[in-house]
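Engineer: Sharing a structure, written as structure tokens. Questions coming.
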Amino acid sequence: MDWSLRELRFFVAAAEAGSFTEAAAQLYVSQAAVSRTIAGLEKAVGDTLLRRVPRGCELTSTGQLVLPPARRVLAEAERFTEFLTTRHGVLRLGYAWAALGRHTAPLQRDWAQRHEAIELELVRHNSPTAGLADGLCDVAVLRREVDDKRFDSVVVGLERRLVAFAADDPQWSRRRQLRMDEIADRRVVIDPRVGTTTSRLWDGADHLPRFLESNDVDSWLDAIAAGRGVGITAEATAHHHPRPGVTYRPIKDGPRIPVKLVWWSDHRPTGLHDLVDAVTQLYTRS
């Protein structure tokens with residue numbers, strides 16, 4: 001079946017106007033062009049869509065069935081056209097868990113003041129590339145190693161590693177900081193897809209913690225608040241996801257977490273240079 005958006009547009013215009021003549025006027029074409037184009041669509045459909053009546057035209061039973069999906073297709077096409085025309089005016093910053101923590105809001109405010117022509121839009125997507133590989137963002141905030149030659153990256157800052165535990169934890173509720181060997185004695189909740197906690201953090205240690213897997217930051221927090229385990233995360237999580245019943249404390253000997261901005265190697269999005277500079281300055285001042 002071969003049809004075109006032009007045919008759908010002409011059909012919808014005639015159906016809504018109830019007249020080939022009125023549709024031609026709206027579309028700035030001749031009535032013959034409208035008739036010919038709709039006839040092409042009818043040939044593809046294999047049935048008549050509009051019948052002529054003394055005062056114009058009206059939908060056939062098939063036309064009544066075709067009209068709603070035709071409108072939806074045209075609406076999607078319009079949204080796609082809008083995306084193509086405005087994509088250079090929007091810089092989509094993807095993240096999986098915590099964006100830039102306490103630097104997120106300052107970045108958004110400063111960006112809005114300095115870049116009237118480019119809107120910074122945050123996109124949350126729980127995937128290893130925070131939506132970058134899926135085409136959902138232009139630049140991604142990642143805290144894991146990027147072992148993919150399709151992408152370029154730059155480290156824009158370092159964050160402390162924190163431990164998260166239930167606020168009423170009988171062993172740790174009064175502690176101000178913890179050590180990695182103490183955490184190894186507990187069950188640790190991890191997100192193996194996007195999290196920064198793996199067994200490698202305890203390389204050379206006497207023993208490893210038990211692990212409990214979660215699907216995203218919400219299930220991670222739920223498990224910790226319920227006392228099913230503790231978690232290790234970047235300090236950005238504490239700012240981005242404060243949760244009643246969950247306490248965050250620094251890990252005294254926890255290695256720092258590098259924060260990276262990542263983008264496609266073959267495409268440097270508009271505003272990337274300014275974004276890298278702005279985020280780097282925020283981390284430098286902290």
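Engineer: Output the 0 to 90 degree angle, nearest 10, between the alpha-carbon long axis of helix 5-17 and the longest principal axis computed from the alpha carbons of the chain.
Structural biologist: 60
Engineer: Say the dipole of the chain comes from +1 at the beta carbon of Lys and Arg and -1 at that of Asp and Glu; which of GLN26, ALA236, LEU49 then lies farthest toward its positive end?
Structural biologist: Of the options given, the answer is ALA236.
Engineer: For the chain, find the longest principal axis of its Cα atoms and tell me its angle to the long axis of helix 31-45, 0 to 90°, nearest 10.
Structural biologist: 60
Engineer: Of VAL246, ALA75, LEU221, which is farthest along the charge dipole of the chain in the positive direction, counting Lys and Arg as +1 and Asp and Glu as -1 at C-beta?
Structural biologist: The Cα lying farthest towards the positive end belongs to VAL246.
Engineer: Further, regarding this structure: For a quick check: with amide H placed at 1.01 Å from N, whose amide H comes under 5 Å from VAL259's, ignoring anything fewer than 5 positions away on the same chain?
Structural biologist: Here VAL156, GLY157, LEU158, GLU159 satisfy the definition.
Engineer: Treat every Asp and Glu Cβ in the chain as -1 and every Lys and Arg Cβ as +1, leave all other atoms uncharged, and give the resulting dipole magnitude about the Cα centre to the nearest 20 debye.
Structural biologist: In total the dipole reaches around 460 debye.
Engineer: May I ask you to give the average projected area over all directions of the convex hull of the Cα atoms of the chain, in nm² rounded to one decimal?
Structural biologist: So the Cα hull casts an average projection of 21.7 nm².
Engineer: Something else: Return one number: the angle in degrees, 0 to 90 and rounded to the nearest 10, between the long axis of the Cα atoms of helix 104-114 and the longest principal axis of the Cα atoms of the chain.
Structural biologist: That helix lies at roughly 50 degrees to the long axis.
Engineer: Evaluate the charge dipole of segment 5-87 about its Cα centre and quote only its size in Debye, nearest 20, assuming +1 on the Cβ of each Lys and Arg and -1 on the Cβ of each Asp and Glu.
Structural biologist: In debye, rounded to 20, segment 5-87 gives about 100.
Engineer: Based only on other Cβ atoms within 10 Å, what is the fewest-to-most ordering of ILE38, ILE251, ILE224?
Structural biologist: Taking fewest neighbouring Cβ atoms as first place, the list is ILE251, ILE38, ILE224.
Engineer: Tell me, how many Å apart are the Cα centres for segment 42-56 and for segment 105-142?
Structural biologist: 48
Engineer: Let me check I've understood the local charge: for VAL230, count other residues with C-beta under 12 angstrom from its C-beta, Lys and Arg +1, Asp and Glu -1. What total comes out?
Structural biologist: With Lys, Arg at +1 and Asp, Glu at -1, the net is +3.
Engineer: Ok, one more. Please name which of GLN177, GLY157, GLY195 has its Cα lying farthest along the dipole of segment 149-206 towards the positive end, using unit charges on Cβ (Lys, Arg +1; Asp, Glu -1) and the Cα centre as origin.
Structural biologist: Of GLN177, GLY157, GLY195, it is GLY157.
Engineer: Just how far, in whole angstrom, is segment 231-286 from segment 8-36 if you go by their alpha carbon centroids?
Structural biologist: 55
Each value in this text was obtained by applying a stated rule to the coordinates, not by laboratory testing. Keep in mind it's a predicted model, so treat the numbers as computed, not measured. Every residue, glycine among them, receives a Cβ derived from its backbone with ideal geometry; neighbour counts consider all protein chains shown.
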